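The values are calculated or read from the model by the stated rules, or taken from the named source; none is laboratory data. Every value quoted in this text rests on a predicted model; they were computed, and no experiment measured them. Heads up, the Cβs are rebuilt from the backbone with ideal geometry, glycines too, and the neighbour counts pull from every protein chain shown. Side chains are part of the model used for accessible areas, which takes the heavy atoms of the whole protein and leaves out ligands, DNA and RNA. Shrake-Rupley method; radii C 1.70, N 1.55, O 1.52, S 1.80 Å.
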Amino acid sequence: MIKYGSQSISEEDLAAVLDVLKSDFLTQGPAVPKFEAALNEACFSKHTTCCSSATAALHLSLLTLEVGVGDIVWTSPISFVASANAALYTGAKIDFVDINLNTFNICEIELEKRLKLAAKEGALPKVLIPVHMCGASPNMKAIKEICDEFSVKIVEDASHAIGASYLDVAVGSCSYSDITVFSFHPVKIITTGEGGAALTNCSVLDQKLKLLRSHGITRDNSLISSDIGGWYYEQHELGFNYRMTDIQAALGTSQLKKLDEFIVKRQSIADRYNITLKDSGLNLPIEPIGVESSWHLYVVRTNDKYKRRKLYDRLISAKIGANVHYIPIHLQPYYQKLGYKLGDFPNAELYYDTCLTIPIHPNLSEDDIGFICDVIVSD
Ligand SMILES: *Cc1c(COP(=O)(O)O)cnc(C)c1O
(Lines give C-alpha, C1' and ligand atoms only; values in the text may rest on other atoms or scores of the structure.)
Protein backbone atom coordinates (compact mmCIF):
# COMPACT_ATOMS: atom_id res chain seq x y z
CA MET A 1 0.00 0.00 0.00
CA ILE A 2 1.28 3.49 -0.87
CA LYS A 3 0.26 5.54 2.16
CA TYR A 4 -1.36 8.97 1.76
CA GLY A 5 1.00 10.38 4.37
CA SER A 6 4.03 9.08 6.22
CA GLN A 7 6.85 10.15 8.49
CA SER A 8 10.45 10.22 7.29
CA ILE A 9 12.95 9.17 9.97
CA SER A 10 16.71 9.48 9.40
CA GLU A 11 19.78 8.02 11.14
CA GLU A 12 20.27 11.46 12.76
CA ASP A 13 16.75 11.25 14.22
CA LEU A 14 17.51 7.83 15.70
CA ALA A 15 20.77 9.06 17.21
CA ALA A 16 19.07 12.12 18.73
CA VAL A 17 16.47 9.93 20.44
CA LEU A 18 19.11 7.48 21.65
CA ASP A 19 21.13 10.32 23.18
CA VAL A 20 18.17 11.34 25.31
CA LEU A 21 17.51 7.76 26.38
CA LYS A 22 21.09 7.58 27.65
CA SER A 23 20.87 10.97 29.39
CA ASP A 24 19.60 11.95 32.86
CA PHE A 25 16.23 13.27 31.70
CA LEU A 26 13.54 11.46 29.74
CA THR A 27 11.12 14.28 30.51
CA GLN A 28 11.32 17.80 32.02
CA GLY A 29 14.97 18.04 30.97
CA PRO A 30 16.72 20.38 28.53
CA ALA A 31 15.43 18.89 25.25
CA VAL A 32 11.97 20.51 25.39
CA PRO A 33 13.18 24.12 25.86
CA LYS A 34 15.75 23.43 23.12
CA PHE A 35 13.02 22.32 20.68
CA GLU A 36 10.90 25.30 21.71
CA ALA A 37 13.77 27.69 20.96
CA ALA A 38 14.36 26.01 17.60
CA LEU A 39 10.66 26.39 16.73
CA ASN A 40 10.77 30.09 17.65
CA GLU A 41 13.73 30.55 15.34
CA ALA A 42 12.18 28.60 12.47
CA CYS A 43 8.75 30.26 12.74
CA PHE A 44 9.69 33.81 13.85
CA SER A 45 7.61 33.54 17.02
CA LYS A 46 8.69 34.82 20.43
CA HIS A 47 7.43 31.92 22.58
CA THR A 48 6.57 28.25 22.11
CA THR A 49 4.95 25.77 24.47
CA CYS A 50 5.40 22.17 23.34
CA CYS A 51 2.59 19.84 24.37
CA SER A 52 1.66 16.17 24.28
CA SER A 53 -0.46 16.80 21.15
CA ALA A 54 -1.96 19.56 19.03
CA THR A 55 -5.29 18.73 20.63
CA ALA A 56 -3.76 19.49 24.05
CA ALA A 57 -2.20 22.68 22.64
CA LEU A 58 -5.59 23.80 21.28
CA HIS A 59 -7.25 23.07 24.63
CA LEU A 60 -4.58 25.04 26.54
CA SER A 61 -4.76 27.89 24.01
CA LEU A 62 -8.49 28.33 24.57
CA LEU A 63 -8.14 28.12 28.36
CA THR A 64 -5.33 30.66 28.21
CA LEU A 65 -7.66 33.03 26.33
CA GLU A 66 -10.13 32.43 29.17
CA VAL A 67 -12.65 30.50 27.13
CA GLY A 68 -15.10 28.60 29.31
CA VAL A 69 -18.76 27.97 30.09
CA GLY A 70 -20.93 30.66 28.52
CA ASP A 71 -18.44 31.41 25.74
CA ILE A 72 -18.66 30.58 22.05
CA VAL A 73 -15.87 29.39 19.74
CA TRP A 74 -16.10 29.22 15.95
CA THR A 75 -14.06 27.04 13.62
CA SER A 76 -14.19 25.44 10.18
CA PRO A 77 -16.46 22.44 9.60
CA ILE A 78 -13.74 21.02 7.33
CA SER A 79 -11.11 20.03 9.86
CA PHE A 80 -10.16 17.19 12.11
CA VAL A 81 -12.66 16.91 14.98
CA ALA A 82 -10.02 18.11 17.46
CA SER A 83 -10.42 21.73 16.27
CA ALA A 84 -13.98 21.73 17.61
CA ASN A 85 -13.58 19.25 20.47
CA ALA A 86 -10.99 21.51 22.12
CA ALA A 87 -13.65 24.18 22.53
CA LEU A 88 -16.13 21.72 24.03
CA TYR A 89 -13.53 20.58 26.61
CA THR A 90 -13.64 24.10 28.07
CA GLY A 91 -17.41 24.06 28.44
CA ALA A 92 -17.81 26.60 25.63
CA LYS A 93 -20.25 26.25 22.76
CA ILE A 94 -18.95 25.55 19.27
CA ASP A 95 -20.21 26.82 15.93
CA PHE A 96 -18.85 26.68 12.40
CA VAL A 97 -18.24 29.08 9.52
CA ASP A 98 -18.65 27.61 6.05
CA ILE A 99 -15.66 27.25 3.75
CA ASN A 100 -14.62 28.77 0.44
CA LEU A 101 -14.73 26.00 -2.16
CA ASN A 102 -11.53 27.18 -3.86
CA THR A 103 -9.35 27.18 -0.74
CA PHE A 104 -11.21 24.73 1.57
CA ASN A 105 -10.62 27.30 4.33
CA ILE A 106 -13.07 29.47 6.26
CA CYS A 107 -14.66 31.98 3.86
CA GLU A 108 -13.93 35.50 5.10
CA ILE A 109 -17.04 36.93 3.43
CA GLU A 110 -19.22 34.39 5.23
CA LEU A 111 -17.30 35.13 8.45
CA GLU A 112 -18.05 38.85 8.21
CA LYS A 113 -21.73 38.18 7.51
CA ARG A 114 -22.01 35.79 10.44
CA LEU A 115 -20.17 38.10 12.86
CA LYS A 116 -22.45 41.02 11.99
CA LEU A 117 -25.45 38.82 12.68
CA ALA A 118 -23.95 37.45 15.91
CA ALA A 119 -23.21 40.99 17.12
CA LYS A 120 -26.88 41.90 16.65
CA GLU A 121 -27.94 38.79 18.54
CA GLY A 122 -25.40 39.33 21.30
CA ALA A 123 -23.84 35.95 20.50
CA LEU A 124 -20.34 36.83 19.32
CA PRO A 125 -17.67 34.15 19.62
CA LYS A 126 -14.78 34.81 21.99
CA VAL A 127 -12.30 32.95 19.76
CA LEU A 128 -12.15 31.95 16.10
CA ILE A 129 -10.03 28.92 15.15
CA PRO A 130 -9.16 29.23 11.43
CA VAL A 131 -7.70 25.99 10.07
CA HIS A 132 -4.82 25.90 7.57
CA MET A 133 -6.45 23.17 5.51
CA CYS A 134 -3.92 20.99 3.63
CA GLY A 135 -1.12 23.36 4.73
CA ALA A 136 -2.37 26.48 2.94
CA SER A 137 -3.03 29.53 5.07
CA PRO A 138 -6.49 31.03 5.15
CA ASN A 139 -6.72 34.72 4.22
CA MET A 140 -5.47 35.68 7.67
CA LYS A 141 -5.09 39.40 6.95
CA ALA A 142 -8.78 39.74 6.12
CA ILE A 143 -9.79 37.38 8.92
CA LYS A 144 -7.77 39.37 11.46
CA GLU A 145 -9.28 42.68 10.32
CA ILE A 146 -12.81 41.32 10.63
CA CYS A 147 -12.13 39.65 14.00
CA ASP A 148 -10.52 42.82 15.38
CA GLU A 149 -13.65 44.74 14.51
CA PHE A 150 -15.67 42.44 16.77
CA SER A 151 -12.93 41.84 19.40
CA VAL A 152 -12.72 38.15 18.53
CA LYS A 153 -9.43 36.46 19.45
CA ILE A 154 -7.73 34.11 16.97
CA VAL A 155 -6.08 30.71 17.49
CA GLU A 156 -4.71 29.37 14.20
CA ASP A 157 -5.00 25.61 13.88
CA ALA A 158 -1.91 25.24 11.73
CA SER A 159 -1.58 21.52 12.46
CA HIS A 160 -0.99 21.02 8.71
CA ALA A 161 1.13 24.04 8.10
CA ILE A 162 4.56 24.14 9.74
CA GLY A 163 6.96 25.21 6.98
CA ALA A 164 4.25 27.10 5.09
CA SER A 165 4.23 30.86 4.68
CA TYR A 166 1.66 33.60 4.25
CA LEU A 167 2.47 37.03 2.78
CA ASP A 168 6.17 36.12 2.95
CA VAL A 169 6.12 35.34 6.69
CA ALA A 170 6.37 31.87 8.21
CA VAL A 171 3.14 30.38 9.53
CA GLY A 172 3.66 30.32 13.29
CA SER A 173 4.86 33.93 13.46
CA CYS A 174 1.41 34.82 14.85
CA SER A 175 1.38 37.98 12.72
CA TYR A 176 -2.40 37.67 12.45
CA SER A 177 -3.34 35.73 15.58
CA ASP A 178 -2.93 35.42 19.32
CA ILE A 179 -1.72 31.82 19.24
CA THR A 180 -0.77 29.34 16.50
CA VAL A 181 -0.91 25.58 17.01
CA PHE A 182 1.11 22.89 15.22
CA SER A 183 0.77 19.09 15.30
CA PHE A 184 3.68 16.69 15.18
CA HIS A 185 1.65 13.53 14.60
CA PRO A 186 3.51 11.20 12.18
CA VAL A 187 1.32 12.07 9.17
CA LYS A 188 2.07 15.78 9.61
CA ILE A 189 5.07 17.67 8.19
CA ILE A 190 7.55 16.91 11.00
CA THR A 191 6.95 14.45 13.81
CA THR A 192 7.60 13.74 17.47
CA GLY A 193 5.43 10.59 17.49
CA GLU A 194 2.64 12.35 19.31
CA GLY A 195 3.08 16.04 20.00
CA GLY A 196 2.07 19.59 19.31
CA ALA A 197 2.96 23.17 20.13
CA ALA A 198 1.33 26.51 20.86
CA LEU A 199 3.26 29.54 19.61
CA THR A 200 2.64 33.13 20.66
CA ASN A 201 4.32 36.53 20.76
CA CYS A 202 2.68 37.43 24.08
CA SER A 203 4.68 36.58 27.20
CA VAL A 204 1.58 36.64 29.43
CA LEU A 205 -0.17 34.05 27.24
CA ASP A 206 3.03 32.02 27.12
CA GLN A 207 3.35 31.92 30.92
CA LYS A 208 -0.24 30.78 31.23
CA LEU A 209 0.21 28.09 28.56
CA LYS A 210 3.25 26.72 30.39
CA LEU A 211 1.53 26.88 33.78
CA LEU A 212 -1.53 24.98 32.53
CA ARG A 213 0.62 22.43 30.67
CA SER A 214 1.99 21.17 33.97
CA HIS A 215 -0.85 20.98 36.54
CA GLY A 216 -1.00 24.74 37.11
CA ILE A 217 2.06 24.36 39.32
CA THR A 218 4.77 27.01 39.59
CA ARG A 219 8.20 27.14 41.24
CA ASP A 220 8.81 30.67 39.97
CA ASN A 221 10.33 32.65 42.86
CA SER A 222 8.69 35.83 41.68
CA LEU A 223 5.27 34.21 42.17
CA ILE A 224 5.80 32.22 45.40
CA SER A 225 7.66 32.67 48.70
CA SER A 226 11.25 31.69 48.04
CA ASP A 227 12.37 31.39 51.68
CA ILE A 228 10.29 28.31 52.54
CA GLY A 229 12.67 25.80 50.98
CA GLY A 230 13.82 24.29 47.72
CA TRP A 231 11.05 21.70 47.76
CA TYR A 232 8.32 24.30 47.73
CA TYR A 233 5.88 24.78 44.85
CA GLU A 234 2.39 26.14 44.50
CA GLN A 235 -0.56 25.17 42.36
CA HIS A 236 -2.25 28.34 41.08
CA GLU A 237 -4.62 26.95 38.45
CA LEU A 238 -6.33 23.65 37.65
CA GLY A 239 -3.85 22.52 35.02
CA PHE A 240 -3.10 19.29 33.22
CA ASN A 241 -0.24 17.00 32.40
CA TYR A 242 0.04 17.96 28.74
CA ARG A 243 3.84 17.88 28.67
CA MET A 244 5.98 16.68 25.78
CA THR A 245 8.78 14.29 26.77
CA ASP A 246 12.48 14.96 26.12
CA ILE A 247 12.53 11.87 23.91
CA GLN A 248 9.89 13.44 21.66
CA ALA A 249 11.46 16.90 21.74
CA ALA A 250 14.87 15.54 20.65
CA LEU A 251 13.19 13.86 17.70
CA GLY A 252 11.41 17.13 16.96
CA THR A 253 14.60 19.20 17.00
CA SER A 254 16.25 16.70 14.66
CA GLN A 255 13.22 16.62 12.34
CA LEU A 256 12.99 20.41 12.28
CA LYS A 257 16.45 20.56 10.68
CA LYS A 258 14.93 18.86 7.64
CA LEU A 259 11.82 21.02 7.47
CA ASP A 260 12.96 22.96 4.39
CA GLU A 261 13.97 19.75 2.64
CA PHE A 262 10.59 18.15 3.43
CA ILE A 263 8.71 21.17 2.08
CA VAL A 264 10.77 21.23 -1.13
CA LYS A 265 10.02 17.54 -1.65
CA ARG A 266 6.30 18.00 -1.00
CA GLN A 267 6.21 21.03 -3.30
CA SER A 268 7.89 19.03 -6.08
CA ILE A 269 5.32 16.23 -5.73
CA ALA A 270 2.51 18.81 -5.86
CA ASP A 271 4.10 20.39 -8.95
CA ARG A 272 4.23 17.01 -10.65
CA TYR A 273 0.57 16.27 -9.85
CA ASN A 274 -0.37 19.77 -11.04
CA ILE A 275 1.26 19.14 -14.41
CA THR A 276 0.38 15.47 -14.94
CA LEU A 277 -3.25 15.74 -13.82
CA LYS A 278 -3.92 19.08 -15.57
CA ASP A 279 -6.24 17.50 -18.16
CA SER A 280 -7.62 14.71 -15.97
CA GLY A 281 -10.99 16.42 -15.48
CA LEU A 282 -10.26 16.76 -11.75
CA ASN A 283 -10.24 20.09 -9.94
CA LEU A 284 -6.70 20.52 -8.66
CA PRO A 285 -5.78 22.48 -5.53
CA ILE A 286 -4.64 26.09 -5.91
CA GLU A 287 -2.32 28.31 -3.90
CA PRO A 288 -3.90 31.76 -3.62
CA ILE A 289 -1.56 34.73 -4.15
CA GLY A 290 0.60 35.22 -1.05
CA VAL A 291 0.08 31.65 0.18
CA GLU A 292 2.87 29.09 0.06
CA SER A 293 1.49 25.75 1.22
CA SER A 294 3.40 23.14 3.19
CA TRP A 295 1.48 20.61 1.04
CA HIS A 296 0.51 18.45 4.01
CA LEU A 297 -2.34 17.08 1.88
CA TYR A 298 -2.95 17.08 -1.86
CA VAL A 299 -6.74 17.14 -2.33
CA VAL A 300 -8.37 16.80 -5.74
CA ARG A 301 -12.07 17.32 -6.35
CA THR A 302 -14.33 15.39 -8.71
CA ASN A 303 -17.47 16.75 -10.36
CA ASP A 304 -19.78 14.61 -8.24
CA LYS A 305 -19.81 12.08 -5.43
CA TYR A 306 -20.19 9.07 -7.76
CA LYS A 307 -16.98 9.97 -9.59
CA ARG A 308 -15.24 10.44 -6.24
CA ARG A 309 -16.35 6.99 -5.07
CA LYS A 310 -15.18 5.39 -8.34
CA LEU A 311 -11.81 7.09 -8.17
CA TYR A 312 -11.40 6.18 -4.50
CA ASP A 313 -12.20 2.51 -5.20
CA ARG A 314 -9.86 2.41 -8.21
CA LEU A 315 -6.97 3.84 -6.17
CA ILE A 316 -7.57 1.52 -3.21
CA SER A 317 -7.72 -1.52 -5.56
CA ALA A 318 -4.35 -0.44 -6.93
CA LYS A 319 -3.05 -0.32 -3.33
CA ILE A 320 -2.83 3.46 -3.33
CA GLY A 321 -3.91 4.88 0.03
CA ALA A 322 -6.41 7.49 -1.09
CA ASN A 323 -8.34 9.10 1.74
CA VAL A 324 -10.98 11.73 2.50
CA HIS A 325 -10.15 14.81 4.61
CA TYR A 326 -12.48 15.49 6.24
CA ILE A 327 -15.99 14.33 7.04
CA PRO A 328 -17.54 17.68 8.05
CA ILE A 329 -17.42 17.93 11.83
CA HIS A 330 -21.06 19.00 12.08
CA LEU A 331 -22.12 15.72 10.41
CA GLN A 332 -20.47 13.54 13.06
CA PRO A 333 -23.08 11.76 15.21
CA TYR A 334 -21.80 13.50 18.34
CA TYR A 335 -22.26 16.92 16.76
CA GLN A 336 -25.63 15.97 15.28
CA LYS A 337 -26.74 15.33 18.86
CA LEU A 338 -25.77 18.95 19.58
CA GLY A 339 -28.30 20.02 16.94
CA TYR A 340 -26.36 20.30 13.68
CA LYS A 341 -27.85 18.82 10.55
CA LEU A 342 -27.23 18.18 6.89
CA GLY A 343 -27.63 21.45 4.99
CA ASP A 344 -26.16 23.69 7.71
CA PHE A 345 -22.88 24.30 5.84
CA PRO A 346 -23.52 23.63 2.13
CA ASN A 347 -20.01 24.36 0.83
CA ALA A 348 -18.44 22.07 3.41
CA GLU A 349 -20.90 19.33 2.47
CA LEU A 350 -20.33 19.73 -1.28
CA TYR A 351 -16.58 19.71 -0.66
CA TYR A 352 -16.91 16.53 1.39
CA ASP A 353 -18.88 14.76 -1.35
CA THR A 354 -16.27 15.49 -4.00
CA CYS A 355 -12.86 15.63 -2.30
CA LEU A 356 -10.15 13.01 -2.41
CA THR A 357 -6.70 13.04 -0.83
CA ILE A 358 -4.00 11.43 -2.93
CA PRO A 359 -0.61 10.49 -1.46
CA ILE A 360 1.96 13.17 -0.70
CA HIS A 361 4.93 12.65 1.63
CA PRO A 362 8.73 12.70 1.48
CA ASN A 363 9.09 8.93 0.98
CA LEU A 364 7.19 8.83 -2.33
CA SER A 365 9.42 7.86 -5.25
CA GLU A 366 9.19 9.23 -8.80
CA ASP A 367 7.83 5.81 -9.80
CA ASP A 368 5.16 5.94 -7.10
CA ILE A 369 3.97 9.34 -8.35
CA GLY A 370 3.96 8.13 -11.96
CA PHE A 371 1.97 5.06 -10.97
CA ILE A 372 -0.55 7.11 -8.96
CA CYS A 373 -1.08 9.48 -11.90
CA ASP A 374 -1.49 6.55 -14.31
CA VAL A 375 -4.16 4.95 -12.14
CA ILE A 376 -5.99 8.30 -11.75
CA VAL A 377 -6.15 9.00 -15.50
CA SER A 378 -6.83 5.36 -16.46
CA ASP A 379 -10.64 5.77 -16.36
C1 LIG B 1 -3.89 16.38 13.30
C2 LIG B 1 -4.78 17.54 13.56
C3 LIG B 1 -5.13 17.93 14.85
C4 LIG B 1 -4.79 17.13 16.07
O5 LIG B 1 -3.44 16.90 16.18
P6 LIG B 1 -2.91 15.88 17.30
O7 LIG B 1 -1.47 16.27 17.43
O8 LIG B 1 -3.10 14.50 16.75
O9 LIG B 1 -3.67 16.12 18.53
C10 LIG B 1 -5.89 19.07 15.01
N11 LIG B 1 -6.30 19.79 13.95
C12 LIG B 1 -6.00 19.44 12.70
C13 LIG B 1 -6.46 20.30 11.58
C14 LIG B 1 -5.25 18.29 12.46
O15 LIG B 1 -4.98 17.90 11.20
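Secondary-structure-derived ellipticity at 222 nm for the chain, considering helices only, amounts to -11500 deg cm²/dmol, per-run term -39500 (n - 2.57) for DSSP H runs with n ≥ 4. The distance between label points at Trp231 and Thr276 comes to 6.5 nm (points 7 Å beyond Cα on the Cα→Cβ vector). Counted over the range 62-212, the DSSP beta bridges are approximately 35% antiparallel. Our summary gives the range 194-332 a relative contact order of 14 percent, counting only alpha carbon pairs under 8 angstrom and 6 or more residues apart.
Across the range 155-234, C-alpha contacts under 8 Å between residues 6 or more apart give a mean separation that, scaled by the residue count, equals a relative contact order of 21 percent. For the chain, modelled as a GNM whose springs connect Cα atoms under 10 angstrom apart, the maximal fluctuation among Glu110, Glu121, Glu36 occurs at Glu121. GNM on the chain, alpha-carbon springs under 10 angstrom: the most fluctuating residue among Ala87, Ala158, Ala119 is Ala119. Given labels modelled 7 Å from the Cα in the Cβ direction, how far is it in nm from Ala123 to Val324? About 2.9 nm, to one decimal. With 23 Å as the limit, the listed pairs Lys116/Lys144; Lys46/Lys208; Lys188/Lys208; Lys46/Lys144; Lys34/Lys144 have Lys188/Lys208; Lys34/Lys144 beyond it between alpha carbons. Computed about the Cα centre, the dipole magnitude for the chain is approximately 820 debye when only Lys and Arg (+1) and Asp and Glu (-1) carry charge, each at its Cβ. If you roll a 1.4 Å probe over the chain with all protein chains in place, what percent of the accessible area is carbon or sulfur? Roughly 54 percent, rounded to a whole number.
For the chain, averaging the sequence separation of C-alpha pairs within contact (under 8 Å, six or more residues apart) and dividing by the residue count gives a relative contact order of 23 percent.
For the chain, build the charge dipole from Cβ charges (+1 Lys, Arg; -1 Asp, Glu) around the Cα centre, then report which of Ser225, Ala170, Tyr335 sits farthest towards its positive end. It is Tyr335, whose Cα lies furthest towards the positive end.
On the beta carbon distance between Val204 and Phe150, with R0 = 22 Å, the FRET formula returns roughly 0.50. Once the 1.4 Å probe is applied to the protein heavy atoms, the chain comes out at 45 Å² accessible per residue.
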